[in-house]
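The structure under discussion appears below in the form of structure tokens.
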Amino acid sequence: MIDKDGVAADVVLAEIRAMRDGDRPTHGGQLFAYVYDPAVPGLDELAAAAHRESAHVNGLDPTAFPSLLAMENALVGAAARMLGGGPGTTAEDVVGSVTSGGTESLILAVKTARDAHPEIAAPRIVVPSTAHAAFAKAAHYLRVALDVVPVSPDTLRPDPAAMAAAIGPETVLVACSAPSYAHGVVDPVAPIAAAAAEAGVRCHVDACFGGWTLPYLRRLGAPVPAFDFAVPGVTSISVDLHKYAYAPKGVSVLLHRDATLRAPQYFAYADWPGYTMINPVIASTRSGGPIAAAYATLRHLGDDGYLRLATATRDAVAGLADAVRAVDGLRLMADPESTVVCFTATEGGPDLFVLVDELTARGWHTQPQLSYAGLPASVHLTVTASVAPRVAEFAPDLADAVAAARAAGPVALPPELMVLASSLTPDALTPELVAGIAGGLGLGAGNAPTPDRMAVVNTLLDAAPPALRERLLVEFVGLLQRPSW
Ligand SMILES: Cc1ncc(COP(=O)(O)O)c(C=O)c1O
């Protein structure tokens, strides 16, 4: 890797481009997860140029690089205005920080709530089962217990009364989503926040996914319920600029209703011989690149730009949902109310994991979701503005893929493997056993499954309980992450 004489710039770039050829397509409106593409000409170039300007600027010290502080404050101000805060609102004291992504924002929201109550020895948080997995990660990292409230299989939302009942004396935070990632539905924020306020507990709204689109969809006439700082009792909100604000990756905003609520978020340390350290977020050294790129993106697109992109996205969602409704054997998990289309198979419908592979073979990269706690396996589509011009092509391909999946039938894994998957406990899973399973599935060291042949892996995972799924995933990815010398 480290060549003795170094490698010429054009050769290195050619190497990277060759490696990128194996990736899923980040542009072109056919990848329904991981990427957020507005398909605005020139935007990538602008963001890259802005990133380059600030790539070596360090967010470690806002006094050394006031440019970064100014851009961060502008992003926080824009997010606050978008979400019901700012001068002249009922939440005019809103403050916030720029983080590296939704996960960091959620970890910090949990840490802030936890550290606001040092007297609670065993803190807990209450979340609906559809809350993003990053809450579980936060709970794990921060040693906070997670109280999970199930959602209704019909509405995919938690019952606010059940959320209220889950609040106890050790609860430091109640959280809900606007919308949830898996199904794209907005939780009943108002009654949940009211219950939290009545108990004297903070309430976080995870608007990482939809915080930048729901306000525009509402302006376009969609019946979006109140979910932001306009709702009494909401104490913090997260919104990812690297999702629907269409900024390159590495930027989210965590907002608090006021500076007092934010205070426990900060970490300062002066008890060592080096520089005195004050970190608002988890990272210490932080590149200015993503922040400058986000700043340029927001400034360039502007309010009208985002409204146009939301219009295109809304129309794409409607077109994709109609395509699903038109196919026998599929049903929408929920009528779309944001920018997600999520569907499952009806009784006698096609095998969803085979269908996902058939769609991949036709150029459509969707995201399978495993069955969980009474909710069936499903297929998730994150829809962005770039999908709009492709929608008409999706309907016939979906019908065709469903026919092919029906003809192929479900994946048949060796019965002993299925028995193993449903009966094995995670502790009994030795590295040898994993290597055997991986080998049986055609996965080897450094050998990722090909994206168009994932049904076997998904079928196996779907048969396993969540704890075993987690172990298998850890082991599989451990097999992939091997140094190349
Ligand atoms: C609702 C929600 N919260 C949090 C996250 C985590 O965001 P990130 O992947 O940027 O860490 C996501 C990501 O999809 C999300 O949809």
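The values are calculated or read from the model by the stated rules, or taken from the named source; none is laboratory data. Owing to the predicted nature of the structure, the values given are computational and were not obtained by experimental measurement. Backbone-built Cβ (ideal geometry, glycine too); neighbour counts: all protein chains shown. Only protein heavy atoms, including side chains, enter the accessible area calculation; ligands, DNA and RNA are left aside. Shrake-Rupley method; radii C 1.70, N 1.55, O 1.52, S 1.80 Å.
Taking only the Cα atoms of region 195-278, how large is their convex hull per residue, in Å³? Display every interim value, and only then the final one.
Values: hull volume 10.3 nm³, N = 84.
Per residue, the Cα convex hull of region 195-278 comes to 122 Å³.
Would you please classify the overall shape of the chain from the alpha carbon gyration tensor, given that a ≥ b ≥ c denote the square roots of the eigenvalues, rounded means a/c under 1.5, and beyond that prolate means a/b larger than b/c while oblate covers the rest? Don't skip to the answer; put the middle values down first.
Numbers: a/c = 1.33, a/b = 1.23, b/c = 1.08.
Rounded, because the longest to shortest axis ratio a/c is under 1.5.
For the pair residue 453 and residue 430, what calculated FRET efficiency results from E = 1/(1 + (r/R0)^6), where r is the Cβ-Cβ distance and R0 = 22 Å, to the nearest 0.05? Provide the component values of the computation, followed by the final result.
Values: r = 26 Å, r/R0 = 1.17.
FRET efficiency, residue 430 to residue 453: 0.30.
Label region 51-297 by shape, choosing from rounded, prolate and oblate, from the square roots a ≥ b ≥ c of the eigenvalues of the Cα gyration tensor; if a/c is under 1.5 it is rounded, and otherwise prolate applies when a/b is larger than b/c, oblate when it is not. Let's see the in-between values first.
Working: a/c = 1.85, a/b = 1.28, b/c = 1.44.
Taking the square roots of the gyration eigenvalues as a ≥ b ≥ c, region 51-297 is oblate.
When the label point is put 7 Å from the Cα of residue 58 along its Cα-to-beta-carbon vector, which residues of region 279-295 have a backbone N closer than 17 Å?
Label zone hits: 279-290.
Could you give the Stokes-Einstein D for region 69-110 in µm² per second, using the C-alpha Kirkwood radius, 20 °C, 1.002 mPa s? Intermediate values should be presented prior to the final figure.
Working: Rh = 10.9 Å.
The calculation lands on 196 µm²/s.
For region 339-485, which whole-number percentage of the solvent-accessible area (1.4 Å probe, protein heavy atoms only) is attributable to carbon and sulfur atoms? Write down the numbers at each step before the final one.
Working: 4060 of 6730 Å².
With neighbouring chains kept in place, the figure for region 339-485 is 60 percent.
What is the set of long-range amide H partners of residue 203 at a cut-off below 5 Å, with H atoms built 1.01 Å from backbone N?
Placed amide hydrogens put 174, 235, 236 under 5 Å from residue 203.
Per residue, how many Å² of accessible area does region 303-408 show with a 1.4 Å probe? Don't skip to the end; give the middle numbers.
Working: 3940 Å² over 106 residues.
For region 303-408, the per-residue accessible area is 37 Å².
Between region 48-64 and region 280-353, what's the alpha-carbon centroid distance in Å?
29
What's the FRET efficiency of residue 270 with residue 408 using the Cβ-Cβ distance as r and R₀ = 41 Å, to the nearest 0.05? Display every interim value, and only then the final one.
On the way: r = 64 Å, r/R0 = 1.56.
For R0 = 41 Å, the calculated efficiency reads 0.05.
Quick check on packing: order 54-66, 271-283, 99-111 by the mean number of other C-beta atoms within 10 Å, highest mean leading. Kindly include the intermediate steps, with their values, before the conclusion.
Working: 54-66: 14.8, 271-283: 12.4, 99-111: 24.2.
Result, highest mean Cβ count within 10 Å first: 99-111, 54-66, 271-283.
I'd like the distance separating the alpha-carbon centroids of region 85-155 and region 254-268, in whole Å.
13
What are the lysines whose alpha-carbon lies under 24 Å from the alpha-carbon of residue 137, with same-chain residues fewer than 8 places away excluded?
Straight-line reach from residue 137, under 24 Å: 111, 243, 249.
Enter the accessible area per residue of region 51-297 (Å², integer; probe 1.4 Å; all protein chains in place). Write down the numbers at each step before the final one.
Details: 9880 Å² over 247 residues.
Spelled out: the 1.4 Å probe surface of region 51-297, per residue, equals 40 Å².
Provide the per-residue ³J(HN,Hα) series for region 122-133, in order, calculated from phi with Karplus coefficients 6.51, -1.76, 1.60 and θ = phi - 60°, each as a whole number of Hz, with x at glycine and proline positions.
Values per residue, Gly and Pro as x: 10, x, 9, 10, 10, 9, x, 5, 8, 4, 4, 4 Hz.
Using just the helices of the chain, give the 222 nm mean residue ellipticity in deg cm²/dmol: DSSP H runs with n ≥ 4 each add -39,500 (n - 2.57), and the total is spread over all residues, rounded to 500.
Working: 16 runs with 200 residues, N = 485.
The per-residue figure over the chain is -13000 deg cm²/dmol.
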